[in-house]
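First up is the structure itself, then whatever we jot down about it.
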Amino acid sequence: VSCGEDEKQVESNNQQQTDTLANVPPDTVSVSEMERLMNEPGYIVLDVRTPEEYEAEYIGNTLNINFESGEFAENIQMLDKDKTYLIHCKTDTRSGLAKEIMDKMEFKTIVVKGGIEEWKSQNKPVVK
């Protein structure tokens, strides 16, 4: 085997890794990116705030499952693992923890940076 063939094989392997990574969703997205993705097939916005927070105001067309219920892992078992979940809370704390649990259960997840507070700071609509 010549050096040239080794370099071509390494280059081919690197391209395969890049192609594989291109199909993996990012860990986080901005609220603007969430706004675009939430209208795409295969994406569901998951609000992990408490029911009281959700009832006070929420982003339209979202699913609310309370992370703090003590039954979060049980409650998400009903969700479709073929979908990608755009997870948000008030800021970022609960959504990051929810992502860890969901990832271990083999869900496809993305955290929305800044949560509903960032959404509102950009004057995007909420339901009250």
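Here Thr20 passes the criteria (1) open to solvent by 50 Å² or more (accessible area, probe 1.4 Å); (2) part of a loop (DSSP other than H, G, I, E, B); (3) modelled with pLDDT under 95 except the one numbered (2). Of the residues making up the stretch 45-68, those that are part of a helix (DSSP H, G or I) and more than 16 Å from Gly114 (Cβ to Cβ) are Pro51, Glu52, Tyr54, Glu55, Ala56, Phe67, Glu68.
None of Glu57, Glu118, Glu71, Glu100 is buried (at least 17 other Cβ atoms within 10 Å of the Cβ), charged (D, E, K, R) and out of contact with any Leu (no Cβ under 8 Å at 6 or more places or on another chain) except Glu118.
State all residues of the stretch 81-97 that are among the polar types (S, T, N, Q) and open to solvent by less than 20 Å² (accessible area, probe 1.4 Å); if no residue qualifies, say none. Result: Thr84, Ser95. Filtering the stretch 36-56 to residues that are among the β-branched types (Val, Ile, Thr) and touching a residue at least 24 places away in the same chain (Cβ under 8 Å) leaves Ile44, Val45, Val48.
At pLDDT 95 or above and of a type in the set (D, E, K, R) - does that describe any residue in the stretch 60-71? Among the residues of the stretch 60-71, at least one is at pLDDT 95 or above and of a type in the set (D, E, K, R), which makes the answer yes.
Look at the stretch 78-91 and say how many of its residues are under 16 Å from the mean Cα position of the chain (by Cα) and either part of a loop (DSSP other than H, G, I, E, B) or without any contact (Cβ under 8 Å) to a residue 24 or more places away in the chain (or both). Steps first, answer last, please.
Step one: list which residues in the stretch 78-91 are under 16 Å from the mean Cα position of the chain (by Cα), which gives 79-91.
Add one more test, that the residue is either part of a loop (DSSP other than H, G, I, E, B) or without any contact (Cβ under 8 Å) to a residue 24 or more places away in the chain (or both), and what stays is 79-83, 89-91.
So the count comes out to 8.
The values are calculated or read from the model by the stated rules, or taken from the named source; none is laboratory data. Values in this document were obtained by computation on a predicted structure and should not be read as measured data. We place every Cβ from the backbone using ideal geometry, glycine too, and count neighbours over all the protein chains shown. Note: accessible area is taken over every heavy atom of the protein model, side chains too, but ligands, DNA and RNA are not part of it. Shrake-Rupley method; radii C 1.70, N 1.55, O 1.52, S 1.80 Å.
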